[in-house]
1. Over the heavy atoms of V18, what accessible area does a 1.4 Å probe trace out, to the nearest 10 Å²?
2. Using θ = phi - 60° and the Karplus form 6.51 cos²θ - 1.76 cosθ + 1.60, what ³J(HN,Hα) does each residue of the range 53-61 get, whole Hz, x for Gly and Pro?
3. When the chain is fully extended, how far beyond the present Cα-Cα distance does A40 get from V21, taking 0.36 nm per residue of separation?
4. For the range 17-59, with equal point scatterers placed on the C-alpha atoms only and solvent neglected, what are the log10 I(q)/I(0) values from the Debye formula at q = 0.33 1/Å, to two decimals?
5. Which peptide among 30-36, 52-58 comes first, and what is the full order, when sorted by highest mean count of other Cβ atoms within 10 Å?
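The values are calculated or read from the model by the stated rules, or taken from the named source; none is laboratory data. Everything numeric in this text was worked out from a predicted model, so none of it was measured. Neighbour counts run over all protein chains shown; Cβ positions are idealised from the backbone, glycine included. All accessible areas refer to the heavy atoms of the entire protein, side chains included, with ligands and DNA or RNA removed. Shrake-Rupley method; radii C 1.70, N 1.55, O 1.52, S 1.80 Å.
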Amino acid sequence: MSSFRYGPSKPAAVLGIVVGVGMLVFGITQLGEASGGGLAFLVFWCAMVVAITALNTWAAFSGRGSLGTFVSDRDDAPPPGR
């Protein structure tokens, strides 16, 4: 049985980290001016950005960083998408 892992390439994951940090800085700087529903949205925004940035960091710097695994019953089957 063959298995193939998929995930973002290392450069794409690093770009995701950079964009995520920028979005997090934006969210944190806007927290002081927000109130009510806007504040709740920004807290949710920051939590999601932290989660996505953590996933990209794991994918970029871990040897086992992948988002999922394809499993094939045939050992000679090519990886999906090829």
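1. About 90 Å², ignoring ligands and nucleic acids.
2. 5, 5, 4, 5, 5, 4, 5, 7, 10
3. 4.9 nm
4. -1.08
5. Most protected by this proxy first, the peptides run 52-58, 30-36.
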